[in-house]
Amino acid sequence: MLKSDKITHTDAGDQSSIADDVRQLDDGRNLTASIVNDLGLAIVTQTYRPGEPFPTEAELCLSYAASRPVLREAVKMLTAKGLLLARKRAGTLVQPEASWNLLDPDVLRWMLQRAFSIDLLIDFTEIRMSIEPRAASLAAHSASGPQRRAIIEAIDRMFAADRGEEDALEADIAFHIAVLEASNNRFMRQFTGLAETTLRFSIRRTNEYKGVPRASALDHKKVADAIIGGRAQLAGTLMSELIRGALDLLLVAGRHPPRP
């Protein structure tokens, strides 16, 4: 028998053992993600308050029927998100909101799941004002063929939503994500996860305040046409007007004065 034959052949017992190992790894990851989500939401909604001691590792292991390595990984992830701080002798402490990584999609999602805050949506929309118009201009300048097609397909989906053939929210989000991707700016592309998370909340609210069932496909198409046509300045201006409309609606609903 060739040496290579010995290497490539495994018996049924070995294959079963490998499959068990893979399943255990997946189960551990799923449990860790579930614990991170549960504890993260509990911190953001102030079940655990800033400055107060966090449950001990032993207590959390008992609560979640999880091993110490799984709990340590979950706490490590929450610490990286700025929600927890581990100190020698002082244990693990809950951090105030000022320390949270607000650009982390998970953190933002948890914040949006607590009591509704229109000010949070206003702050996010102002960030969109500083990013998406420039992304649209860059997309008009340097988007690839596939990236342009993704923008066109998102617009087609928005018109299909008008006919009741598509999900309006998903189509709207797809358009904004496609434009960010087409900017070909590595930092703007990092904004896609954050944008998708928040747009699921903000689009519904702005449509409600505007008194419409969904965003205007025609207004979005104007931005897309400018991008596809390579008109960078116009693309940026039209995207700015689109987001400005949403911001003004939120400001009125929140009883805030107009902003520059």
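Bear in mind that the values in this text are calculations on the coordinates, not laboratory data. Please read all numbers here as calculations on a predicted model, not as lab measurements. Note: ideal-geometry Cβ built from the backbone for every residue, glycine included; neighbour counts use all protein chains shown.
Compute the length gained on full extension between residue 149 and residue 244: take 0.36 nm times their separation in residues and subtract their Cα-Cα distance, giving the result in nm to one decimal.
Values: separation 95, 0.36 × 95 = 34.20 nm, distance 2.57 nm.
Computed gain between residue 149 and residue 244 is 31.6 nm.
Of 220, 141, how do they rank once you tally other Cβ atoms within 10 Å and put the fewest first?
On the way: 220 23, 141 15.
Going from least to most buried by this count: 141, 220.
Considering only 127, 232, 206, whose Cα is most displaced toward the positive end of the charge dipole of segment 116-253, charges sitting on Cβ of Lys, Arg (+1) and Asp, Glu (-1)?
The Cα lying farthest towards the positive end belongs to 232.
Restricting to DSSP loop positions (anything but H, G, I, E, B) with no more than 12 other Cβ atoms inside 10 Å of their own Cβ, which chymotrypsin sites (Phe, Trp or Tyr not before Pro) remain in segment 83-176?
Numbers: sites: 100, 110, 116, 124, 159, 175; in loops: 100, 116.
Those satisfying the criteria are 116.
Taking the Cα centroid of segment 213-234 and of segment 96-146, what is the distance between the two, rounded to the nearest whole Å?
Here the answer is 20 Å between Cα centres.
Fully extended, how many nm does the chain gain between residue 97 and residue 167 (0.36 nm per residue separation, minus their Cα-Cα distance)?
Values: separation 70, 0.36 × 70 = 25.20 nm, distance 3.41 nm.
The residue 97-residue 167 span can extend by a further 21.8 nm.
Counting other beta carbons within 10 Å of each Cβ, put 128, 109 in order, fewest first.
On the way: 128 25, 109 20.
By the 10 Å Cβ count, ascending, the order reads 109, 128.
Throw me the Rg/Rh for segment 89-187, computed over C-alpha atoms with Kirkwood Rh, two decimals. Intermediate values should be presented prior to the final figure.
Details: Rg = 17.7 Å, Rh = 16.0 Å.
In segment 89-187, Rg relative to Rh is 1.11.
Can you give the angle from 0 to 90° between the axis of helix 68-80 and the longest principal axis of the chain, with both taken from C-alpha atoms, to the nearest 10?
Roughly 30 degrees, rounded to the nearest 10.
Work out, in µm²/s and without decimals, the Stokes-Einstein translational diffusion coefficient of the chain at 4 °C, 1.567 mPa s, Rh from Kirkwood over C-alpha pairs. Working shown, then result.
Values: Rh = 21.4 Å.
D, rounded to a whole number, is 61 µm²/s.
Relative to the longest principal axis of the C-alpha atoms of the chain, give the angle of the C-alpha long axis of helix 217-228, reported between 0 and 90° and rounded to the nearest 10°.
90
Order these by the 10 Å Cβ neighbour count, fewest first: 237, 92. Each step should come with its number before you reach the end.
Details: 237 16, 92 19.
So the residues, fewest neighbours to most, are 237, 92.
Mind pulling the angle between the C-alpha long axis of helix 145-162 and the longest principal axis of the chain? Nearest 10 degrees, somewhere in 0 to 90.
The two axes meet at around 80 degrees.
Under the rule of at least 5 residues apart or a separate chain, name every residue whose amide H is placed under 5 Å from the amide H of residue 84.
79, 95
Report the FRET efficiency, 1/(1 + (r/R0)^6), for residue 259 and residue 57, where r is their Cβ-Cβ distance and R0 is 51 Å, rounded to 0.05. It would help to have the intermediate numbers written out before the result.
On the way: r = 46 Å, r/R0 = 0.90.
It comes to 0.65.
If R0 is 45 Å, what FRET efficiency do you get for residue 72 and residue 208 from their C-beta distance, rounded to 0.05?
So, using R0 = 45 Å, E works out to roughly 0.55.
Show me, for segment 172-177, the HN-Hα J-couplings you get by feeding each phi into the Karplus relation (A = 6.51, B = -1.76, C = 1.60, θ = phi - 60°), rounded to Hz, glycine and proline as x.
Coupling constants for segment 172-177: 4, 4, 4, 5, 5, 5 Hz.
What distance in nm separates the simple spin-label points at residue 219 and residue 29, each placed 7 Å from Cα in the Cβ direction?
Simple spin-label model gives 4.0 nm for this pair.
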